[in-house]
């Protein structure tokens, strides 16, 4: 569909309300179901967004990434770390494996750092996300509804998770996700 437009350089930019329908189409096409698109809309509508970015070719959004607030409560303390959850990331199927996802992840992590986030987490492909610095062993210090090799963390502030155990407080839409 967009193959002839790949000679244009993709642009990563902040998503706007005008992108809403395109973002839904991207997630539905990438995942083959409505669940992720519904999750994105619920997170946006609930005011949980830290960063929402689209990758465009020409003026057409072809990829989307969402980072949401994820408070991390430090055990046995009143302290809290500022965390973000990366979920979801989607690229139109015809354009996957061409670097668009990586461009969105890098731009999103940069935006999250600039917003003051200290830690990012993702529940995703254990072979893909480590290339961006995410680590399953680092996530072992995070109590969350998910665990295992697909639950990974990345310190956006060096040492943020050193010597602490934290509990992740996910936004309510994550618990109604299907």
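The values are calculated or read from the model by the stated rules, or taken from the named source; none is laboratory data. This is a predicted model, so every value here is computed, not measured. Note that each Cβ is placed from the backbone with ideal geometry, even for glycine, and that neighbours are counted across all protein chains shown.
In table form, for the structure just shown:
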| read-out | value |
| --- | --- |
| From the options 19, 69, 4, residue that is at pLDDT 95 or above, over 12 Å from residue 87 (Cα atoms) and not in a loop (DSSP other than H, G, I, E, B) | 19 |
| Search result, residues across region 56-83 that are in contact with a helix residue (DSSP H, G or I) (Cβ under 8 Å, 6 or more places away or on another chain) and either within 18 Å of residue 125 (Cβ to Cβ) or free of Cβ contacts under 8 Å to residues at least 40 places away in the same chain (or both) | 63, 64, 65, 66, 67 |
| Residue within region 55-72 that is farther than 18 Å from residue 169 by Cα and within 10 Å of the chain's Cα centre (by Cα) present | yes |
| Exclusive hit being within 12 Å of the chain's Cα centre (by Cα) and under 23 Å from residue 166 (Cβ atoms), set 116, 102, 108, 133 | 108 |
| Qualifying residue in region 38-52 (condition: free of Cβ contacts under 8 Å to residues at least 24 places away in the same chain and part of a strand (DSSP E or B)) | yes |
| Count of residues meeting criterion [loosely packed, with under 14 Cβ neighbours inside 10 Å, touching a strand residue (DSSP E or B) at 6+ places or on another chain (Cβ under 6 Å) and either touching a residue at least 40 places away in the same chain (Cβ under 8 Å) or closer than 16 Å to residue 66 by Cβ (or both)] in region 84-119 | 0 |
| Region 151-168, subset touching a residue at least 24 places away in the same chain (Cβ under 8 Å) and surrounded by fewer than 16 Cβ atoms within 10 Å (Cβ to Cβ), residue nearest to residue 71 (Cα to Cα) | 167 |
